[in-house]
1. Just to confirm a number: summing +1 for Lys and Arg and -1 for Asp and Glu over residues other than LYS85 whose beta-carbon lies under 13 angstrom from that of LYS85, what do you get?
2. How about region 16-96: which chymotrypsin sites (Phe, Trp or Tyr not before Pro) there lie in a loop by DSSP and see at most 12 other Cβ atoms within 10 Å?
3. Putting +1 on Lys and Arg Cβ atoms and -1 on Asp and Glu Cβ atoms, find which of THR10, THR38, ASN21 reaches farthest to the positive end of the dipole of the chain.
4. Taking all protein chains as present, what is the carbon and sulfur share of the accessible area of the chain, in % to the nearest whole number, probe 1.4 Å?
5. Need one number: nm distance between label points at LYS79 and GLU50, each 7 Å from Cα along Cα→Cβ, rounded to one decimal.
6. Please report, in debye to the nearest 20, how large the charge dipole of the chain is about its Cα centre when each Lys and Arg carries +1 at its beta carbon and each Asp and Glu carries -1 there.
7. Loop only per DSSP, at most 13 neighbouring Cβ atoms within 10 Å: give me the GluC sites (Glu not before Pro) in region 1-80, ordered by residue number.
8. For the chain, what is the mean residue ellipticity at 222 nm derived from helices alone (per DSSP H run of n ≥ 4: -39500 (n - 2.57); sum divided by total residues; nearest 500 deg cm²/dmol)?
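The values are calculated or read from the model by the stated rules, or taken from the named source; none is laboratory data. Not measured: the values here are computed from a predicted model. Virtual Cβ from ideal backbone geometry, glycine too; neighbours counted across all protein chains shown. Surface areas here come from the heavy atoms of the whole protein model, side chains and all, with no ligands, DNA or RNA. Shrake-Rupley method; radii C 1.70, N 1.55, O 1.52, S 1.80 Å.
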Amino acid sequence: MEILIKPILTEKMTGQGEKLNRYGFIVDPRANKLQIRTAVEQMYNVVVTEVNTMNYMGKAKSRYTKAGLLRGRANNFKKAVVTLKDGDTIDFYSNI
């Protein structure tokens, strides 16, 4: 099971990374906080002090087409915000 799916690279999360040393990730919905902590520590060689998780329901979407109204739903996902020890940072742009 791949625990970390992708990092969240938004203005809000970048600001929290600079000010509060917090970083966001989209994670596997079945992963618990201990698994998320070990995955982040192994992948980025940092010390995680806190993990907060949030489950999101996918938004309902609809669009009009020639065939009529199509209804659907975006995928559900789980978000994790990890707080690192002072002095530790994660640079998401280093491997580009």
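1. -2
2. Hits after loop and neighbour filter: TYR93.
3. Positive-most Cα among the choices belongs to THR10.
4. Carbon and sulfur together cover 50 percent of it.
5. 1.7
6. 900
7. GLU2
8. -6500 deg cm²/dmol
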